[in-house]
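Worksheet for the structure shown next.
The values are calculated or read from the model by the stated rules, or taken from the named source; none is laboratory data. Worth saying up front: this structure is predicted, and the values here are computed from it rather than measured. Methodologically, a virtual Cβ is constructed for each residue, glycine included, from the backbone with ideal geometry; neighbour enumeration extends over all protein chains shown.
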Amino acid sequence: MDRHREIATFVREVFGVRGTLRLHRAAFGWDLLRAPANLLLAPVFLIVKLLAGLARLLRFPRHAVWLGSRRVILETAVARAVGDKVEAFLARQMPEADPAVVRRAVADYVGVRSAVAEITTMIVLVALGLVFFHAVTPGVISLAGPLAEARAYGQAVDRFPLGPWLGRGWYALFPVSLGFWQVAGTALVLAVGASLVTTFAGVIADPVQVATGTHRRRIGRLMARIARAEAGAGLAREHLAARAGDLSDLALTLWRSLR
């Protein structure tokens with residue numbers, strides 16, 4: 001069996017439907033608390049990676065390696081299970097590889113998979129915004145406003161002294177005013193829900209990436225990098241896409257507030 005076939009077999013076994021369900025059994029536990037913490041730490045992770053890239057560009061290799069090896073994101077049980085399986089596979093395929101290089105490469109691989117989970121959550125939030133509010137909502141902040149407004153409107157209509165029918169007409173002319181804490185409370189609840197979606201997003205994202213060949217190609221690039229004994233792979237596009245979602249979330253919220 002050649003290496004490409006072995007990679008394909010490994011990917012199907014670990015990230016196929018049955019494999020990813022087995023992986024996510026480990027998520028029932030402390031991962032439910034680590035996930036929301038990691039959402040808050042994600043911007044810090046991006047900054048550290050950008051600083052590492054800048055240090056590499058300015059030819060400070062030791063600083064680049066030190067920054068690139070910082071563990072900003074909390075390791076989840078699912079991420080640990082993925083890392084163990086990938087590392088064991090690489091040990092069988094590349095027994096001559098430098099263990100330190102393998103560990104760093106596997107850590108980057110696991111980080112990219114986590115970023116894909118965040119992107120999956122962003123897609124879910126965008127879909128919810130389009131379906132229920134006919135608006136693009138790439139994150140918790142941009143979705144919190146419309147959701148809080150809809151909830152406040154529903155409560156105001158139900159409590160209108162002259163009945164819900166006249167209440168709908170009244171609040172169509174005079175919109176319900178929202179307090180800061182109403183939006184903040186809604187955002188907090190959404191953030192908890194989004195972190196749970198992110199925790200289990202791999203159940204959907206992994207099989208899709210198996211079907212599209214993404215996991216297979218990513219493993220192939222990982223092995224090529226280890227063969228070249230590269231210390232770091234730079235900032236993956238998946239991390240940039242996830243953080244671009246955060247920035248667009250803030251930008252859309254600011255734009256709607258100014259309007």
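Of the candidates 213, 185, the single residue that is at positive phi and either crowded, with 21+ Cβ neighbours inside 10 Å or not aromatic (Phe, Trp, Tyr) (or both) is 213.
Surrounded by 15 or more Cβ atoms within 10 Å (Cβ to Cβ), at pLDDT 75 or above and either over 24 Å from residue 219 (Cα atoms) or out of contact with any helix residue (DSSP H, G or I) (no Cβ under 9 Å at 6 or more places or on another chain) (or both), is that true of residue 51?
yes
Quick one: is residue 124 under 15 Å from residue 249 (Cβ atoms) and surrounded by 22 or more Cβ atoms within 10 Å (Cβ to Cβ)? No; evaluated as a whole, the condition is false for this residue. Going by what's in this entry, would residue 102 be described as touching a Leu at 6+ places or on another chain (Cβ under 9 Å) and of a type in the set (A, V, I, L, M)? Answer is yes for this residue. On inspection, residue 26 does not qualify as surrounded by fewer than 18 Cβ atoms within 10 Å (Cβ to Cβ), at negative phi and either under 17 Å from the mean Cα position of the chain (by Cα) or free of Cβ contacts under 8 Å to residues at least 24 places away in the same chain (or both). Kindly establish whether residue 213 is more than 24 Å from residue 35 (Cα to Cα), modelled with pLDDT of 85 or more and out of contact with any Lys or Arg (no Cβ under 9 Å at 6 or more places or on another chain). Answer is yes for this residue. If I filter segment 147-162 for residues that are among the hydrophobic types (A, V, I, L, M, F, W, C) and in contact (Cβ under 8 Å) with a residue 40 or more places away in the chain, do I get at least one hit? Yes, segment 147-162 contains a residue that is among the hydrophobic types (A, V, I, L, M, F, W, C) and in contact (Cβ under 8 Å) with a residue 40 or more places away in the chain.
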